[in-house]
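Asks: Okay, handing you the structure first.
What follows draws every value from the coordinates through simple rules; no lab data is involved. The structure presented is a predicted model; accordingly, all values stated were derived computationally and were not measured. A quick note on method: Cβ atoms are made from the backbone with ideal geometry, for glycine too, and the neighbour counts reach across all protein chains shown.
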């Protein structure tokens, strides 16, 4: 992982959430340019702010660093909904997904 990863991942996940850098900065209790400075490689979040960022994005730190999952928030929401299905419904959905991929 290079030094650009955190800035790029924040921008990617923030854009998926469809919020501005200013809005996100204020929502996590920082000044209005905080996220913009991180995304432009002029600042680096402290551990506490990183955890606030993850909380705001509704993801875990592990999901933040998972390069294989481009949209962890939606995947997490999907998993919650899948847990509500019975085995028969899961089998049908599994077959449908196999057909789609």
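Asks: Can you give me the pair-distance distribution of the chain, C-alpha pairs, 5 Å bins, whole percents?
Replies: In whole percents, the pair-distance histogram is 2, 12, 20, 21, 14, 10, 7, 7, 6, 2, 0.
Asks: Find the relative contact order for the range 5-100 and round it to a whole percent, using C-alpha pairs within less than 8 Å whose residues are 6+ positions apart. Mind dumping the intermediate values first?
Replies: Details: 57 pairs, mean separation 18.5, N = 96.
Result for the range 5-100 is 19 percent.
Asks: Turning to a different aspect of this structure: Between residue 100 and residue 62, what is the FRET efficiency for a Förster distance of 25 Å, r being their Cβ-Cβ separation, to the nearest 0.05?
Replies: Between residue 100 and residue 62 the formula returns 0.40.
Asks: Run the helix sum for the chain: -39,500 (n - 2.57) per DSSP H stretch of 4+ residues, divided by residue count, reported at 222 nm to the nearest 500 deg cm²/dmol.
Replies: Roughly -19000 deg cm²/dmol at 222 nm, from the helical runs in the chain.
Asks: Using Cα springs under 10 Å in a Gaussian network model of the chain, which residue among 53, 38, 80 shows the largest mean-square fluctuation?
Replies: For the chain, modelled as a Gaussian network with Cα springs under 10 Å, the answer is 80.
Asks: Looking at the chain as a GNM with Cα springs under 10 Å, which of 66, 58, 91 has the largest mean-square fluctuation?
Replies: Comparing 66, 58, 91 in the GNM, the peak value goes to 91.
Asks: Mean-square fluctuation check for the chain, GNM, Cα pairs under 10 Å: which of 18, 71, 86 is largest?
Replies: Most flexible of the set in this elastic network: 86.
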